[in-house]
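Have a look at the structure below before the remarks.
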Amino acid sequence: MKLSNNFTKTTKDFPKDETSLNAQLLIKAGFIDKLMAGVYTMLPLGYRVYKKIEQIIREEMNALGGQEMYMPTIQPKANWDLTGRWDEMDVLFKMNLSDVKRQVALGPTHEEVVSPLVKKYINSYKDLPFSVYHIQNKFRNEKRAKSGILRGREFMMKDLYSFHESQNDLDKYYEQVSVAYENVFKRVGIGNETYKTYASGGTFSKYSHEFQTLTDAGEDYIYICDKCRVAINKEILADQKNKCPECGNSELREEKAVEVGNIFKLGNKFSAPFELQYTDESGEKKDVIMGCYGIGLQRLMGTVVEVCNDENSIIWPESVAPFKVHLISIKKNNEAEMIYNDLVESGVEVLYDDREDVGVGAKFADADLIGCPIRLVVSEKTLKEKSVEFKRRDSEEVRNIKIDEIIKEIK
C-alpha cells in the first residue's frame, strides 16, 4: 500500500476528548476515528490490524472444533423474557419494530439466540458434544463509555458456545478452550502480560475464569501467584482467604489489569428455559450442559496498544501489525518503487511512504506513530552503497543492508 493513496492522515496532537492511551495513539496514528463516545470507525490501517486479530482467534477456535456461523443482532424480547434478563440487564439496548407492536433487543450477547437455535437440531446424546462460534458486532448501552476501545457501546466480539451431555465432558472442553485462549494472547503479543484469573463461577461451578492483561489502563485489580502463574480477581479475594486456589500460596501481588477474555460454565442456565434437551442412552430426557467463551476484538486490539508502545507511539507485534515493513523514500521514488515491487511480489506486506510533499522528519515521525515492525529507508546516501537503512521499531539500532539481501533479512 502506498501512503499517497491512503485517504486518512496522522495528526500532530492527541485528540482533546480522549484520556485513554489506546484511543489517543490509535486516533493520532490514523487507525480509528471517534464517531461518538463508545463508538469508533475502523480506518484502513486499523481494520488491517483488526482482521489479523480476528484471523488468529478464528484459527484457534477452528482448532478446537468450533463451527463458525453468524447470528442476528436483533433479538426478540420473548427470548429475553424466558431467561429473565429483559429487565435484569441494565446495558440492554431496547427498541420497537416499526411494523408491529413488538419490542426487540440489540444483542449484547447471544445465549438467547443460540439456545433455541440449537434446540432445532439436537435430539440424541449422539448429537453431542459440539461447539459453534461467531464473530459479530455487539451493542451495550454503557452508562459511561470510557477507556477508548477497551469499553465501547458497539464492538465486535467472538462468542463460542459448547454443548455437552455431562458436566465432565464440559470440564474437559473448558480446559481445552483455556489453552486456546492462552495461544491467542501469545500470538497477538501479550502472552507474557496475561494471566488466567479465577473469578466467581455463579450457580453452576465454583469458578469461572477471566484472562487479565497487566496495564495501568485496566479497570480491575488482580492478585497474582507467581508460583502457579495464575491470579484471582478482587471479587473472590476474601472468599479465597487471600490464597491462591491452586497451591494455597498467600504471597500474592496486586496488579492493575484489563480483562481480554472470559470462559464460563453455564450448566443448564440457558438450556432449561428453552427446553434444550437430549435423550440419553436409557431414553431419558436431560438438559444440555453449556459453556460460553468470549473475546472482545477491539478490546484486545486496544490492550495490545496499551502494552506495546513507547514514548513515540505504538510498537505493533509482527503478528498483528498492519504491515510488516514501512518503506520510506527520501527523494528516490524510482529506486524505492523497485524495492517496493520486489517486496510485494515476495509476499511481504509493505506500507510505502512515497509522498513527495512531506519532509524527512515527518516521514520518520509517521513511521514511529504507525508502528510497523521494520523500517526501511531509501536515500541517495544508502544507494551509493547499494543498500537501504534498516531499523526495527522496537530497537534503536540502525544499520545498512544490501538491497539484494533485503528479502532474506526480512523473512
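Since every read-out is calculated from the coordinates, none of them should be taken as a lab result. Predicted model only: the values in this text are computed from it and were never measured. All Cβ positions, glycine included, derive from the backbone under ideal geometry; neighbour counts span all protein chains shown.
Remarks
- Length added when fully stretched, residue 59-residue 405, from 0.36 nm per residue minus Cα-Cα: 121.3 nm
- Relative to the longest principal axis of the Cα atoms of the chain, helix 297-307 runs at roughly 50 degrees.
- Over segment 269-317, the Kirkwood radius and the radius of gyration, each from Cα atoms, give a ratio Rg/Rh of 1.48.
- For the chain, a simple Cβ point-charge model (Lys and Arg +1, Asp and Glu -1, everything else neutral) yields a dipole of about 560 debye relative to the Cα centre.
- Protection proxy ranking, peptides 87-94, 165-172, 222-229, 297-304, average beta carbon neighbours within 10 Å, highest first: 297-304, 222-229, 165-172, 87-94
- Sites residue 94 and residue 183, calculated FRET efficiency, Cβ-Cβ separation with R0 22 Å, nearest 0.05: 0.05
- Cα-Cα over 23 Å, subset of 52/411; 324/408; 9/386; 196/241; 12/384; 186/269: 9/386; 12/384; 186/269
- Note on segment 296-411: the C-alpha convex hull projects to 7.5 nm² when averaged across all orientations.
- The phi-based Karplus calculation (6.51 cos²θ - 1.76 cosθ + 1.60; θ = phi - 60°) puts the 3J(HN,Hα) values of segment 169-185 at 5, 4, 4, 5, 5, 4, 5, 5, 5, 4, 5, 4, 5, 4, 4, 4, 5 Hz, whole numbers, x for Gly and Pro.
- Positive-end residue, the chain charge dipole about Cα centroid, Cβ charges, pick of 71, 195, 347: 71
- Most positive-pole-ward Cα, 291, 244, 40, against dipole of the chain from beta carbon charges: 40
- Between residue 175 and residue 338, the C-beta separation translates, for a Förster distance of 45 Å, into a calculated FRET efficiency of about 0.30.
- Our coupling estimate for segment 328-339, obtained by passing each phi through the Karplus curve with A = 6.51, B = -1.76, C = 1.60 and θ = phi - 60°, is 10, 9, 10, 6, 9, 5, 4, 5, 5, 4, 5, 5 Hz, Gly and Pro reported as x.
- Rounded tilt (10° steps) of 360-370 against the dominant C-alpha axis of the chain: 10
- Full extension of the segment from residue 282 to residue 356, taken as 0.36 nm per residue of separation minus the current Cα-Cα distance, would add 19.0 nm.
- Beta bridges by DSSP in the chain, antiparallel share as percent, to the nearest 5: 80
- Extension gain for residue 380-residue 117 works out to 88.3 nm (0.36 nm per residue, less the C-alpha to C-alpha distance).
- Placing +1 on the Cβ of every Lys and Arg and -1 on the Cβ of every Asp and Glu, with no other charges, gives segment 154-241 a dipole of roughly 340 debye about its Cα centre.
- With each label modelled as a point 7 angstrom along the Cα→C-beta vector, the residue 124-residue 226 pair spans 5.6 nm.
- Ranking 184, 93, 83 by Cα position along the charge dipole of segment 3-307, where only Lys, Arg, Asp and Glu carry charges on their C-beta atoms, puts 93 farthest toward the positive end.
- Rg/Rh ratio calculated on Cα atoms of the chain (Kirkwood radius): 1.04
- Antiparallel bridges, percent of DSSP beta bridges restricted to segment 325-410 (to nearest 5): 50
- Scanning residues 5 or more positions from residue 146 or on other chains, those with amide H under 5 Å from its amide H are 151, with H placed 1.01 Å from N in the peptide plane.
- Normalised contact order of the chain, rounded percent, pairs of Cα under 8 Å and 6 or more residues apart: 16
- In Hz, Karplus ³J(HN,Hα) per residue of segment 383-390 (6.51, -1.76, 1.60; θ = phi - 60°; x = Gly, Pro): 5, 4, 9, 6, 9, 10, 7, 10
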